[in-house]
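What follows is a set of notes on a single structure, which appears directly below.
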Amino acid sequence: MTNPYDPNSGYVPPATGGQDPYGAGAYQQPGAYPTGDPYASPAGDPYASPTGDPYASQPYGAYGAAYGTPPENSMGWSIAAIVVGAIAMFSCCLGAIPLALGVVAAVKASSVSSSWNAGDFAGAQAAADDAKKYATIGTIVGGVMLVLAIVFWVVYFVFMASAGV
């Protein structure tokens, strides 16, 4: 029996009809290395980097990360509506209306950035618009109720003082 790995044995590999038995294409001489980039992306790869750098194919974060700045979330106005509603609640029972509107506005405002980061740009803009609407209405209604409550208590104490009570 001859050793197929011994170069002095005279072993000749069987003919395969011009086809590489391992399916790798044309036979290469020992010591020859393939040319080209073995890590190159195939043509039309949607995840390939335009610069050709395999490590720069996606930005930091999730796929499809948002570029630009998200819309203004009006969190400050929603907190103002909550505070005005809480103050109005101590002076009049109708303060629950601006307080509830402020809470709804805060919930909408907190969903703006998560919608934006998820790629739902229209949803982020809609949430920002709703937050601004509820916060503005809550702050205005709370302010009006606070002014009315102050007027009511001033009139009440003036009336009680004039009545001698």
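Here, each number is a calculation from the coordinates, and none is a lab measurement. Fair warning: this is a prediction, and the values are worked out from it, not measured in the lab. When we count neighbours, we look across all protein chains shown, and the Cβ atoms used for this are built from the backbone with ideal geometry, even at glycine.
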Simple SL model, points at 7 angstrom along Cα→Cβ for residue 151 and residue 126; separation in nm is 3.9
Using the Cβ atoms and a cut-off under 14 Å, what net charge is assigned to the surroundings of residue 81, where Lys and Arg are +1 and Asp and Glu are -1?
+2
What list do you get for 101, 148, 94 if you sort them by fewest beta carbons within 10 Å?
148, 94, 101
